[in-house]
Amino acid sequence: MKNVMNSDENSRKALYVIKIGGNIIDDELKLGTFLTDFAAIRGKKILVHGGGKLADRLADKLGIPQQMIEGRRITNSETLKVITMVYGGYINKNIVAQLQSNSCNAIGISGADANSLLARKRIHSSIDYGFAGDVENSRFNIKAWQLFLENDLIPVVCPITHDGKGQLLNTNADTIAQEISKGLSTSYTVHLIYTFEKSGVLLNVNDDTSVIKKMNAESYRGLKDKQQIFAGMIPKLDNAFAALATGVHKVIIGNAEKLNALVAGNSGTCIENE
């Protein structure tokens, strides 16, 4: 069976789903270099971006208080307007324009565009997250994504989804990258790459040279049991293993400034099935 699966993977086109973190978005020079490197990647690719700190700064100027619980934004109606303007507007179109200047035919989208990402309002037993949304993979619109990719368009995805009933929702960008990767893994050999400011998954969060180069589910469980994984990294790793469990070929986590090396498999933490 394993050989058959490997043969099937080899027969499919490679697809790189790359998520860029907020710290790079906040730095114009680093963002420009990253997008030049992204544009140079051959083959099919998708870029998912977060929001950086611009939404917080705009909300502050407008007098709209922001509340975070365990790293997740409470999205009331006014906050939703701000993040839609910032994520789906300025940041998304700025990235698209820069990619176009690098001869990369990008198209900026939210989950509402082409009905590409449906979600439902998050339900929690004790916390009202407002208009935060969780993607429903069972309603993943694979035809929309194939339409973009097979016509040589490069989707640039902002972290805004919709519920199919006219309501926009704020959705975690890491999760969006994971869900897109899962949804397209039946048609492409998907490499999911999470980029941020660290060199990879670290044994010592204060030592950027302590990168764990390879990880599987067993080693991850062991490191978690020993509390050797930084708490802030656990949601990203949980997303990574959820993606692998549903058909994604490989997940790589590493420094956005080393994108070429991450794509080549020569940097960061590589996460694969056993």
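Is there a residue being farther than 30 Å from Ile142 by Cβ, out of contact with any strand residue (DSSP E or B) (no Cβ under 6 Å at 6 or more places or on another chain) and either at pLDDT 90 or above or in a strand (DSSP E or B) (or both) anywhere in the range 241-256? Yes, that holds for at least one residue. Filtered by the rule that a residue be touching a Leu at 6+ places or on another chain (Cβ under 8 Å) and either under 24 Å from Leu29 (Cα atoms) or exposed (fewer than 15 other Cβ atoms within 10 Å of the Cβ) (or both), the range 254-271 gives Gly254, Asn255, Gly268. The condition (being exposed (fewer than 14 other Cβ atoms within 10 Å of the Cβ), in contact with a strand residue (DSSP E or B) (Cβ under 9 Å, 6 or more places away or on another chain) and at pLDDT below 90) is satisfied by just one residue among Asn3, Asn10, Asn23: Asn10. On inspection, Ile64 qualifies as surrounded by fewer than 18 Cβ atoms within 10 Å (Cβ to Cβ) and β-branched (Val, Ile, Thr).
Do the conditions hold for Val82, that is, is it touching a Gly at 6+ places or on another chain (Cβ under 9 Å) and either modelled with pLDDT of 95 or more or surrounded by 20 or more Cβ atoms within 10 Å (Cβ to Cβ) (or both)? No; evaluated as a whole, the condition is false for this residue. In this structure, does Ser187 turn out to be more than 16 Å from Val17 (Cβ to Cβ) and surrounded by fewer than 19 Cβ atoms within 10 Å (Cβ to Cβ)? No. Among the residues of the range 149-171, those that are under 23 Å from Gly247 (Cα atoms) and either surrounded by fewer than 21 Cβ atoms within 10 Å (Cβ to Cβ) or aliphatic (A, V, I, L, M) (or both) comprise Leu149, Glu150, Ile154, Val156, Val157. The condition (being within 27 Å of Ile193 (Cα to Cα) and touching a His at 6+ places or on another chain (Cβ under 6 Å)) is satisfied by just one residue among Ala112, Ala97: Ala112.
The residues in the range 141-164 that are part of a loop (DSSP other than H, G, I, E, B) and either within 16 Å of the chain's Cα centre (by Cα) or among the aliphatic types (A, V, I, L, M) (or both) can be counted, and the count is 3.
Is it the case that Ala112 is out of contact with any Asp or Glu (no Cβ under 9 Å at 6 or more places or on another chain) and within 30 Å of Gln66 (Cα to Cα)? Yes: the conditions hold for Ala112. Taking the conditions (1) loosely packed, with under 15 Cβ neighbours inside 10 Å; (2) modelled with pLDDT under 95 in turn, Tyr129 satisfies each one other than (1).
Of the candidates Ala231, Ala177, Ala217, Ala240, the single residue that is touching a helix residue (DSSP H, G or I) at 6+ places or on another chain (Cβ under 9 Å), surrounded by fewer than 17 Cβ atoms within 10 Å (Cβ to Cβ) and among the aliphatic types (A, V, I, L, M) is Ala217. Taken residue by residue, the range 126-140 has at least one member that is within 15 Å of Val157 (Cα to Cα) and touching a helix residue (DSSP H, G or I) at 6+ places or on another chain (Cβ under 9 Å).
The set of residues in the range 165-201 that are basic (Lys, Arg) and assigned to a loop (DSSP other than H, G, I, E, B) comprises Lys165, Lys198.
Condition check ((1) small (Gly, Ala, Ser); (2) under 16 Å from the mean Cα position of the chain (by Cα)) across all residues:
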| position | (1), (2) |
| --- | --- |
| Leu168 | no, no |
| Glu179 | no, yes |
| Thr189 | no, no |
| Leu223 | no, no |
| Gln227 | no, no |
| Asp238 | no, yes |
| Ala242 | yes, yes |
| Ile252 | no, yes |
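Checking the stated criteria, Ala173 turns out to be at pLDDT below 95 and in contact with a His (Cβ under 8 Å, 6 or more places away or on another chain). Inside the range 208-240, residues that are closer than 21 Å to Gly21 by Cα, assigned to a helix (DSSP H, G or I) and touching a residue at least 12 places away in the same chain (Cβ under 8 Å) make up a count of 7.
The values are calculated or read from the model by the stated rules, or taken from the named source; none is laboratory data. Everything numeric in this text was worked out from a predicted model, so none of it was measured. No Cβ is skipped: glycine too gets one built from the backbone with ideal geometry, and neighbour counts run over all protein chains shown.
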